[in-house]
Each structure stands twice: as structure tokens, then as C-alpha cells.
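Below you'll find the structure, written out as C-alpha cells, and then a few comments.
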Amino acid sequence: MGSWTTVLMASEGQLIERVARNLPSQAGAGLRVGIGDDAAVIRPRAGLEWVFTTDAFLENVHFLPRMHAPEGVGYKALARATSDLAAMGARPRYFLLSLALPPSCTGKWFDRFLKGMSRAARSFGLVLAGGDTTRNPEAAINLTVIGEVVPGRAVLRSGARPGDIICVSGTLGEAELGLRLLQRGLPVRRKWQGLLHKHFYPEPRLALGAWLARNRRATAMIDTSDGLSTDLGHLCAASGLGAKVWAAKIPKVALPSDLQKLGLDPLQLALDGGEDYELLFTVSRRQARHLPRVVRGVPITVIGEVTRNKRILLIDDAGRTKTLRAQGWDPFRKRGNSKRA
């Protein structure tokens with residue numbers, strides 16, 4: 001990352017000043033005391049519950065300096081964490097940012113990082129409330145995001161019931177396809193730029209999540225951060241149930257003709273890729289009959305149903321059934337997809 005360096009900062013104070021100057025961080029309204037003091041002071045709004053989430057974004061685990069531009073690192077770090085609020089149906093309000101950076105990341109790289117994070121914060125409606133900075137051989141970014149939801153309306157993973165319909169938003173496998181193209185070191189043609197966008201700049205489904213919560217449509221919900229095969233397993237485990245999914249119904253990424261020779265399987269990308277940050281949710285059969293196909297501009301697809309049998313099954317195009325194993329992202333798995341970036 002030394003190629004991004006111009007002038008190294010002389011003090012932590014200078015680093016914090018640049019954070020305050022670049023990220024939305026003005027105290028006011030619910031944020032009584034923001035950055036610059038020992039801790040933040042936030043006044044909760046009456047009649048709402050708070051939703052907290054935290055997420056780590058690490059160099060050489062979640063991003064690679066040679067592959068990911070600083071703007072994308074800043075944006076994606078905050079987008080990942082905020083997606084958890086979308087999965088609860090919460091509205092984002094504040095975030096805390098802790099940074100551990102090598103000296104090479106405190107110059108121009110840092111300015112570009114803040115530019116990307118500022119873009120995300122303003123897009124998601126977030127205000128920086130505080131954080132911490134320190135020095136480390138590799139960049140480590142930790143975020144805590146705080147949201148609000150009407151009491152009793154937060155959508156949990158554990159609310160699915162037998163017979164519920166399983167739905168997913170958007171298209172699955174897009175982010176993984178972008179990552180595969182980058183990892184293969186292929187020249188990035190202009191016509192492929194759209195295939196890389198979701199990997200670099202994922203969009204948390206905040207409006208959809210809030211709509212589902214506000215209208216009490218979803219019985220259970222999770223975001224597809226780890227891949228459909230893994231995240232469906234999380235949802236089913238929390239609900240104490242199983243599922244069957246039809247492979248043909250999964251909204252899979254379409255491979256351009258000049259990429260089909262690479263041997264990539266759209267179904268495998270959709271099942272195990274992860275990082276699409278779409279919403280995977282269940283709906284009662286009664287509600288499913290009235291569920292729109294598009295909500296807030298985001299398409300919704302029915303892909304399966306919840307079962308009493310705790311097995312998770314995938315039914316292929318020929319009607320054959322097999323167990324759907326969790327092969328998505330797992331930071332502690334020794335084999336397979338052990339690195340996100």
C-alpha cells in the first residue's frame with residue numbers, strides 16, 4: 001500500500017481531525033456528544049428500540065490492497081455492517097469506527113478510504129458517533145452500527161414456521177463472480193465492469209428490510225453475507241426447522257458468453273458465493289399470496305419452503321433431491337473458501 005502514500009501523519013490527533021472533516025459526524029438531534037470526547041452521548045428517540053451490530057473488515061482476509069481500491073474498502077466496510085440492520089428491518093442511525101492502520105495507510109490511502117466510507121454513510125443515513133485509532137502492521141477496520149426499529153418489529157432469524165415460503169431479494173452469485181474474475185487476474189474489460197460492481201460496492205437492502213418489518217410480512221430474515229447455503233442453514237437452525245429449495249427458482253447471475261468457457265457454475269456461485277448482501281426471508285403462505293414481485297425497486301423471488309424436517313434439501317431441475325450443505329463463507333473452515341478476498 002506504500003504506492004498510495006504521500007505524507008504520513010505525525011499524530012493520532014491529525015488522523016482524527018481528518019475523520020471528522022470527511023465523515024458525517026456533527027452532533028445534533030439524537031447525537032448529543034460525538035467524536036472528540038471520551039465517549040459518545042446519544043439520546044434515544046421515544047417509542048423506538050435500538051438495534052446494534054458489529055463487523056470486522058481485515059486486510060488480507062476481507063480485502064487485498066493490490067486488488068481493492070481504498071474508496072471501495074471504506075464503502076464496503078460500512079456497507080457490510082449496515083446490511084445486518086437491513087436483515088432486522090431497522091433504520092440506520094449512528095456508527096462507531098475503530099481503525100488499526102500501518103503508517104502506509106495514513107496518507108493518501110486514508111483520504112481515499114474516508115471518501116468511500118463517507119459515500120456509504122451518507123447513502124445509508126449514518127452519522128459517526130465515535131471510535132478509536134491505533135497503529136498495526138496491517139489494516140484492521142471494526143465498525144459498530146446502531147439502528148432503530150418500532151418495538152416488537154425487529155425481524156429475527158428464529159421466527160420461521162413450517163409451511164412458510166422462502167424468498168430472496170435480487171440476484172445471487174454476482175459478488176462471487178466479480179471476486180472470481182479478480183482472482184484469476186483477467187483483464188477487466190469495459191463490458192465486465194457491471195459484474196464487478198456488487199463485489200466492490202454492495203448495496204444493503206435497507207428499504208426492503210424496513211418495508212418487510214413495518215408491514216409484518218417476514219416471519220424470519222437474514223442477509224446473504226455468507227452464501228445462500230450457509231445463511232439458510234443459520235436461519236433454519238435458529239428456527240429449529242428445515243427447508244427445501246428448488247434450484248431452478250434461485251435467481252442466479254447470468255454469465256456472459258465470453259465467460260462461460262471459464263467453467264464457472266452459476267448455481268454454485270449463487271449457493272456458496274456470499275457477499276451479495278441480499279435478504280433471505282420467510283413469509284407465511286397467506287402473506288405470500290399478496291407479496292409483490294418488486295419492493296422498493298428490488299425484485300423478490302420465491303425459492304422454497306420451510307419444513308418440519310430439519311434437513312435442508314436442494315431439488316434440482318430433474319426433481320432429484322440432495323442435502324444442501326453449508327459451503328459458504330466460514331472464517332474457521334480449514335478447507336475450501338477460507339479467505340473472503
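The values are calculated or read from the model by the stated rules, or taken from the named source; none is laboratory data. A quick note: this is a predicted structure, and the numbers were derived from the prediction, not measured. Cβ placement follows ideal geometry from the backbone for every residue including glycine, while neighbour counts extend to all protein chains displayed. Accessible surface areas use protein heavy atoms only, side chains included; no ligands, DNA or RNA. Shrake-Rupley method; radii C 1.70, N 1.55, O 1.52, S 1.80 Å.
Looking only at segment 25-35, count how many residues are closer than 23 Å to Lys115 by Cα and surrounded by fewer than 17 Cβ atoms within 10 Å (Cβ to Cβ).
Of the residues in segment 25-35, 2 are closer than 23 Å to Lys115 by Cα and surrounded by fewer than 17 Cβ atoms within 10 Å (Cβ to Cβ).
What are the pairs with Cβ atoms under 9 angstrom where one residue, in segment 36-57, is touching a residue at least 24 places away in the same chain (Cβ under 8 Å) and surrounded by 10 or more Cβ atoms within 10 Å (Cβ to Cβ) and the other, located anywhere, is in a loop (DSSP other than H, G, I, E, B) and among the charged types (D, E, K, R)? Sequence gap at least six, or different chains.
Taking only residues 6 or more apart or on different chains, the pairs are Glu49/Arg153.
Looking at segment 117-137 only, could you name the residues that are surrounded by 17 or more Cβ atoms within 10 Å (Cβ to Cβ), out of contact with any strand residue (DSSP E or B) (no Cβ under 8 Å at 6 or more places or on another chain) and farther than 18 Å from Gly72 by Cβ?
If the condition is that a residue be surrounded by 17 or more Cβ atoms within 10 Å (Cβ to Cβ), out of contact with any strand residue (DSSP E or B) (no Cβ under 8 Å at 6 or more places or on another chain) and farther than 18 Å from Gly72 by Cβ, then no residue fits.
Out of all the residues in segment 157-169, which are among the small types (Gly, Ala, Ser) and either within 30 Å of Gly30 (Cα to Cα) or open to solvent by 10 Å² or more (accessible area, probe 1.4 Å) (or both)?
Ser158, Gly159, Gly163
Being in contact with a Gly (Cβ under 7 Å, 6 or more places away or on another chain) and at negative phi is the filter here, so list the residues in segment 252-274 that pass it.
Within segment 252-274, Lys252, Val253, Pro266, Leu269, Ala270, Leu271, Asp272, Gly273 meet the criteria.
Please specify each residue of segment 270-296 satisfying the condition of being part of a helix (DSSP H, G or I), closer than 13 Å to Glu176 by Cβ and either touching a strand residue (DSSP E or B) at 6+ places or on another chain (Cβ under 7 Å) or open to solvent by 40 Å² or more (accessible area, probe 1.4 Å) (or both).
Ala270
Taking into account only those residues within segment 66-116 that are over 14 Å from the mean Cα position of the chain (by Cα) and of a type in the set (Lys, Arg), which is least open to solvent (accessible area, probe 1.4 Å)?
Arg93
Check Gly89, Gly72 and return the single one that is at pLDDT 95 or above, within 19 Å of Gly178 (Cβ to Cβ) and in contact with a helix residue (DSSP H, G or I) (Cβ under 8 Å, 6 or more places away or on another chain).
Gly72
What number of residues within segment 138-156 are within 30 Å of Leu31 (Cα to Cα) and open to solvent by 50 Å² or more (accessible area, probe 1.4 Å)?
Number satisfying all stated conditions: 6.
Quick test of your reading of the structure: Leu241 fulfils all but one of (1) open to solvent by 50 Å² or more (accessible area, probe 1.4 Å); (2) hydrophobic (A, V, I, L, M, F, W, C); (3) touching a Lys or Arg at 6+ places or on another chain (Cβ under 8 Å). Name the failing condition by number.
If we test Leu241 against (1) open to solvent by 50 Å² or more (accessible area, probe 1.4 Å); (2) hydrophobic (A, V, I, L, M, F, W, C); (3) touching a Lys or Arg at 6+ places or on another chain (Cβ under 8 Å), just (1) comes out false.
How many residues are closer than 29 Å to Ala213 by Cα and either open to solvent by 10 Å² or more (accessible area, probe 1.4 Å) or in a loop (DSSP other than H, G, I, E, B) (or both) when one looks only at segment 244-266?
Of the residues in that region, 8 qualify.
Within segment 156-177, can one find any residue that is over 22 Å from Ala238 (Cβ atoms), among the acidic types (Asp, Glu) and part of a loop (DSSP other than H, G, I, E, B)?
So far as segment 156-177 goes, no, none of its residues is over 22 Å from Ala238 (Cβ atoms), among the acidic types (Asp, Glu) and part of a loop (DSSP other than H, G, I, E, B).
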